[in-house]
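J.: Before I ask anything, here is the structure I am working with.
The values are calculated or read from the model by the stated rules, or taken from the named source; none is laboratory data. All values derive from a computational prediction rather than experimental measurement. Here Cβ is always computed from backbone atoms with ideal geometry, including for glycine, and neighbour counts include all displayed protein chains. Note: areas computed on protein heavy atoms with side chains; ligands, DNA, RNA excluded. Shrake-Rupley method; radii C 1.70, N 1.55, O 1.52, S 1.80 Å.
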Amino acid sequence: MAFCRSSLLLRKARAAALRFSCTSRIEGYPTCSDRRRWYSSSEGTTMTASGYHVSSGPSHMKGAVFWEANKPITFEDFEMPRPKANEVLVKTKACGVCHSDLHVMKGEIPFPTPCVVGHEITGEVVEHGPLSDSKIIERFPVGSQVVGAFIMPCGSCFFCSKARILSYDGQDDLCESFFAHNRAKGTLYDGETRLFLRGSGKPVYMYSMGGLAEFCVVPAHGLTSLPNTLPYTESAVLGCAVFTAYGAMAHAAQVRPGDSVAVIGIGGVGSSCLQIAKAFGASDIIAVDVQEEKLQKAKMFGATHAINSRKEDAVTKIKEITGGRGVDVAVEALGRPQTFSQCVQSVQDGGKAVMIGLTLSGAKGEVDINHLVRKQIKVIGSYGGRARQDLPKLVKLAEKGTFNLQAAVSRKYKFDEVEEAYKNLDQGSIVGRGVVEIM
C-alpha cells in the first residue's frame, strides 16, 4: 500500500509540474504554447519546450544573428540560454571565424534561419543542466576553462557507442545525433534550440553551439578542459581548424613518419594540416596556394616546399619534388572541383587523397575511374576529429608547443566586428585564422 500511495503522489506531482511549466509565465519569457506555435511553423519542424530548464542567473545576453543569405549579421538580445541534462552553459571568451560559417551565410550550404553561427569556442563553465551525470560535473566544475569541438558527440548513438562495442573511443566524427539534429535542423539532440530572442521569445537556431554569443550551450562530450597556461583567444582554433586537420591526418590519412604530404589550400585548416603533418614526422611537406603571403607563412608551419599554383602546375611540381611518384598523402582544403582533381592526381600509386574542404551544396568532383582502380588510389572524405579522444590530445600538443597557436591566429576582432571578420575571410585577406574576442 505504501508503494501505491507513493506512486500516486509521484504521478500527481508530475502532473502539477507539467501544468505549472505550461501555464506559469515568467516576464519576457515565452510560454510553452508560444514555443509550440513557433516550432510548428518553422519549416515543418515540430518541437515542444515543456520542461525547458529555467534557473537563476543573468536574464539575457547578446548574440550575432544571421537572418538570410547575403544579408548583414545583426546583434540581438536573447533570453539566457539554459542547458539540459549533460549539457554545459559556457561563458564564451573567444570564437573563430571559419569558411563553414561563410558557406551558410552565403546560402551555399542549407541551414535553418535565423541562426547564430560560430562553432570554434573557448570559455568558462557557468552552469550544468539539471540531472547531469556527476562525472561531467566533476570533470567540468563551474568556473573551469574549456574548449569546444564543433562536432559535439551525443555519446550514445551507433557510432559514438562503438567505443563500448569495439573497445576503442568511438567514431564521434560520425555522430548520428549531431548530423540529424544540429547540422540538419539547427537544434540540440532533443530536437530543440537553446536560443530564444528576448521579449518575443522567437527561437533562433544553432550552428554547432552557436558560438558568436556571450553564452552558449554545449553537449558535455564536445568539451575538454583548457589549462590556464593556454590563452582563450588563440586556443579557440583547437575546436575546428586544428580539430579538422587532426582528423584528416590521424584518422583519414593515418600519416606516418617519413610520409610525404601535400596540402592544397593554406587557410586556417590547411595551415593546421601543415603543423600536424610536421608533428607526425612527415618528410616532404608541400604547401600549395595562389597567395604568396600564405605560402611564405606556410614555411613557419612546417612546409618544406611551397608551390604557387597560379604560376606553375601544382601536380607537375609535386611529382618533380617527389621524384616523379607523387605524395603519399594529399589533402584538399578548399572544396573546389579543380583542387579536388589536383588532389587525386598528386598522390602516388596506392596513395591517399583526403578531402576536407566544404563547397556549394551539390557540387561534384571528377575522377579518372581507371586511374583510381588500377593505381589503388584511396579517396577519403574527412569532416573533423573525434572530440572525446582527439581534443585532449590537441590541448597537450598546444601546451607542449608542438602546435604553435600564436602563429596559427593571424587576426583578432572585437565582438562588434563580426561582420568585418567574415568580409575579410570572404576576400581571402586572413592569412591564417581570424578569432573574435567576446570576453
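J.: Run down Glu214, Glu176 and say which single residue is of a type in the set (D, E, K, R) and touching a residue at least 40 places away in the same chain (Cβ under 8 Å).
T.: The unique qualifying residue is Glu214.
J.: Does Gly362 count as under 25 Å from His99 (Cα atoms), assigned to a loop (DSSP other than H, G, I, E, B), without any contact (Cβ under 8 Å) to a residue 24 or more places away in the chain and within 23 Å of the chain's Cα centre (by Cα)?
T.: yes
J.: So, one more: Do we have Val331 as in a strand (DSSP E or B) and under 22 Å from Gly239 (Cα atoms) here?
T.: Answer is yes for this residue.
J.: Let me ask you something else. Mind checking which residues of region 294-305 are touching a strand residue (DSSP E or B) at 6+ places or on another chain (Cβ under 6 Å) and open to solvent by 40 Å² or more (accessible area, probe 1.4 Å)?
T.: Hits for region 294-305 are Thr304, His305.
J.: Anything in region 406-429 that is buried (at least 23 other Cβ atoms within 10 Å of the Cβ) and either modelled with pLDDT under 95 or within 21 Å of Ala303 (Cβ to Cβ) (or both)? List them, or say none.
T.: Once the filter is applied, which keeps residues that are buried (at least 23 other Cβ atoms within 10 Å of the Cβ) and either modelled with pLDDT under 95 or within 21 Å of Ala303 (Cβ to Cβ) (or both), region 406-429 yields Ala408, Val409.
J.: Would you mind telling me which numbered condition in (1) assigned to a loop (DSSP other than H, G, I, E, B); (2) more than 14 Å from the chain's Cα centre (by Cα) Gly210 fails?
T.: For Gly210, the failing item is (2).
J.: Within region 325-338, count every residue that is buried (at least 24 other Cβ atoms within 10 Å of the Cβ) and polar (S, T, N, Q).
T.: Matching residues across region 325-338 total 0.
J.: Also, quick follow-up: State whether the residues of region 197-207 include one that is within 13 Å of Ile151 (Cβ to Cβ) and either open to solvent by less than 10 Å² (accessible area, probe 1.4 Å) or out of contact with any Cys (no Cβ under 6 Å at 6 or more places or on another chain) (or both).
T.: Looking through region 197-207, at least one residue is within 13 Å of Ile151 (Cβ to Cβ) and either open to solvent by less than 10 Å² (accessible area, probe 1.4 Å) or out of contact with any Cys (no Cβ under 6 Å at 6 or more places or on another chain) (or both).
J.: Also, I was wondering about something else. Could you say which residue among Leu391, Leu397 is among the aliphatic types (A, V, I, L, M) and surrounded by fewer than 21 Cβ atoms within 10 Å (Cβ to Cβ)?
T.: Within the list Leu391, Leu397, the selection yields Leu397.
J.: Identify, from the list Val125, Val142, the residue that is among the hydrophobic types (A, V, I, L, M, F, W, C), over 16 Å from Tyr207 (Cα atoms) and touching a Gly at 6+ places or on another chain (Cβ under 7 Å).
T.: Within the list Val125, Val142, the selection yields Val125.
J.: Looking at Phe403 and the list (1) within 17 Å of the chain's Cα centre (by Cα); (2) open to solvent by less than 20 Å² (accessible area, probe 1.4 Å), which single condition is not satisfied?
T.: (1)
J.: What single numbered condition from (1) in contact (Cβ under 8 Å) with a residue 60 or more places away in the chain; (2) outside any loop (DSSP other than H, G, I, E, B); (3) open to solvent by 40 Å² or more (accessible area, probe 1.4 Å) fails to hold for Ala184?
T.: The failed condition is (1).
J.: Of everything in region 263-293, what is open to solvent by 10 Å² or more (accessible area, probe 1.4 Å) and either closer than 23 Å to Arg325 by Cβ or part of a loop (DSSP other than H, G, I, E, B) (or both)? Give them in sequence order.
T.: Gly267, Lys278, Phe280, Gly281, Ala282, Ser283, Asp284, Asp289, Val290, Gln291
J.: Same structure again: Pairs needed: first member in region 192-205, farther than 20 Å from Glu87 by Cα; second member anywhere, part of a loop (DSSP other than H, G, I, E, B) and of a type in the set (Ser, Thr, Tyr); C-beta distance under 9 Å; at least 6 residues apart or different chains.
T.: Arg198/Tyr29; Arg198/Ser59; Gly201/Tyr29; Gly201/Thr31
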